[in-house]
Amino acid sequence: MKTYPVEIEQPGSQPKFYSAEYQVSQGARLQSDLERAWNYDLQARCLCQQGKKLPLYPRKSPKGYIICRYPDTGRDHAKDCTFYGVTNTQSGAADYSPGVIRLEDGVLKIRPLHGLTRRPPAEPAVEMPVERDKATNRKKYGRASELGVLHTIWEEFQVNQWWPRMQGKRSWFTIGRYLLEKSRMVKYGQSELSAALAILVPNCFGERARVFVEQAQAVFAGANKNKRRFLILCEMTRLTQVEGRPRCTIDGAWSNYQLDAYIPPELVESWVRRYPLAMNAIDTDHSHCIGLLIGEVQNPDKKGRVGAKILHGALMPVTRQFIPYDSSHEAKLANILVETSRAFSKPLRYDSEDDTTLPDFLLLDVRRGDEYPCEVFGMNTADYLARRQAKEAFYNSTRGMDGWWHWDAAADAESIPPLPGPGR
């Protein structure tokens, strides 16, 4: 994402301008100015949109002073601005009850389905709390599953976006470093996410791996000492069959530090049923299978090795550029958009029902300030065709015949219709 200039009010004088370069290079001086702004309750403004000054505010955090956007203002910012963000009504998060995912004082707070307190082995399965919205009769979910948390992280921190300037720069290492930093501003239930999350970056060794190794060591040691569970963000690898049952592993070795994670076969079997597309992405050249897992330490750190058992988890297929997809046709379109230097995002479903109207992709470069919907129709079953008809009616009524794009991949999986050009 891009850092844009900001201005901060000054006591008794004109606001002070801070260029993007200054914000990056003058960290200590900026901290001093933010401390003064926080003490005097001064406002800040983002200058990412020409002719607009979007309100921000300083906040004191455990890691220093930061600038925050106000809740529900993320969409007002430029699509590539660090303060940009979707509102709950623009994604599958709309199907959560109020407060499940919320932004408070710059901290993203998530009410998860599975907490991190260790439970007895015979504890009953946790049921997702669900109620009906009286106005819409839609289900409202009272907590976020691991998939909902994973989608929250990907969408809130804009990993579901692609911009041409990212070409050649996006990798597991860069995304891991970025999310490790952002985890400081997230609360998972009552826990600081940065204290509970280990990010396992494949093929990362030596000095580059140090930040991930130190974080993982602290997470596993803290979980073992405090009898807590931990979270792992990782890539799933090596899908095999053992005695007729599927097995997969975590790529968790870096700098001679090894996580020995046992994943029960019944958990893998549940993933095969629930996340078949993600399971098919394991060990392929064109995709990654991302996992957000919850586990417990079973053997403390001994000579660089930790034994753990994975209890819960969700999987998500992504392209080589880490863009999520919901079908092979979507993956094909995402790769074409990258190859043709388009800017776009992938709206995510979280825990919402399949009939929630979400575009498959949004082009961000067609018209300034607009998000241009793209749909991939990939099946022709009776239920799917009925849902397609409803989607077509929705887009035609809200955006007009020329205000959205679609590809009938069920009729022709090879020929993709021309996309609207950038800057139209």
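Derivation of every value follows stated rules applied to the coordinates shown; laboratory data play no part. Model, not experiment: these values are computed from the prediction. Backbone-built Cβ (ideal geometry, glycine too); neighbour counts: all protein chains shown.
Just to verify a number: FRET efficiency for SER270 and ASP105, C-beta to C-beta distance, R0 = 51 Å, to 0.05?
0.85
Each DSSP beta bridge with both residues in the chain is either parallel or antiparallel, and the antiparallel ones are about 75%. More than 17 angstrom separation, counting every C-alpha pair in the range 328-408; what % is that? So the pairs more than 17 Å apart make up 49 percent of the total in the range 328-408. Think of it this way: in the chain, CYS46, CYS68, CYS204, CYS234, CYS248, CYS289, CYS374 stand alone, with no other Cys Cβ under 4.7 Å.
Shape of the range 131-256 from its Cα gyration tensor (a ≥ b ≥ c, root eigenvalues): rounded if a/c is under 1.5, otherwise prolate when a/b > b/c, or oblate?
Rounded is the answer for the range 131-256, as its axis ratio a/c remains below 1.5.
Computed from the C-beta positions of ARG177 and TYR22 and an R0 of 22 Å, the FRET efficiency is 0.50 to the nearest 0.05. Only one item in [x] 27.3; [y] 23.5; [z] 18.7 matches mean projected area of the Cα convex hull in nm² derived from the coordinates shown, and that item is [y].
Taking a straight line from the alpha carbon of LYS225, these aspartates and glutamates sit under 16 Å away, with near neighbours fewer than eight places off in the same chain left out: GLU296, ASP301.
Relative to the globular-protein estimate of 2.2 N^0.38 Å, the Cα radius of gyration of the range 19-113 stands at 1.19. Return the lysines within reach of LYS109: Cα separation strictly under 23 angstrom, same-chain partners fewer than 8 residues apart disregarded; answer none if there are no such residues. Excluding near neighbours in sequence, the set is LYS60, LYS63, LYS79, LYS139, LYS140, LYS182, LYS187, LYS227, LYS346.
Note on SER397, SER145: ascending count of other Cβ atoms within 10 Å places them as SER397, SER145, the fewest first. Working from label points 7 Å from Cα in the Cα-to-Cβ sense, the GLU35 to SER61 distance is 1.8 nm. Here the gap between MET128 and ASP402, fully extended at 0.36 nm per residue and compared with their Cα-Cα distance, gives a gain of 94.6 nm. Length gained on full extension, PHE205 to ASN226: 4.7 nm, using 0.36 nm per residue less the C-alpha separation.
Sorting TRP407, TRP38, TRP162 by the number of Cβ atoms found within 10 Å of their own Cβ, with the fewest placed first, yields TRP38, TRP407, TRP162. For PRO58, the shell of other residues with beta-carbons less than 13 Å away shows a net charge of 0, using +1 for Lys and Arg and -1 for Asp and Glu.
The GluC sites (Glu not before Pro) found in the range 334-424 that occupy coil by DSSP, while having at most 13 further C-beta atoms within 10 Å, are GLU353, GLU414. Normalised by the number of residues in the chain, the average gap of Cα pairs under 8 Å and 6 or more apart makes the relative contact order 12 percent. Working from Cα pairs under 8 Å separated by at least six residues, relative contact order for the range 94-180 is 27 percent. Put in order of Cβ neighbour count within 10 Å, fewest first, the listed residues ARG165, ARG45 become ARG165, ARG45.
Which of the aspartates and glutamates could a cross-linker bridge to LYS16, judged by Cα under 13 Å and excluding same-chain residues fewer than eight apart? Filter leaves GLU7, ASP33.
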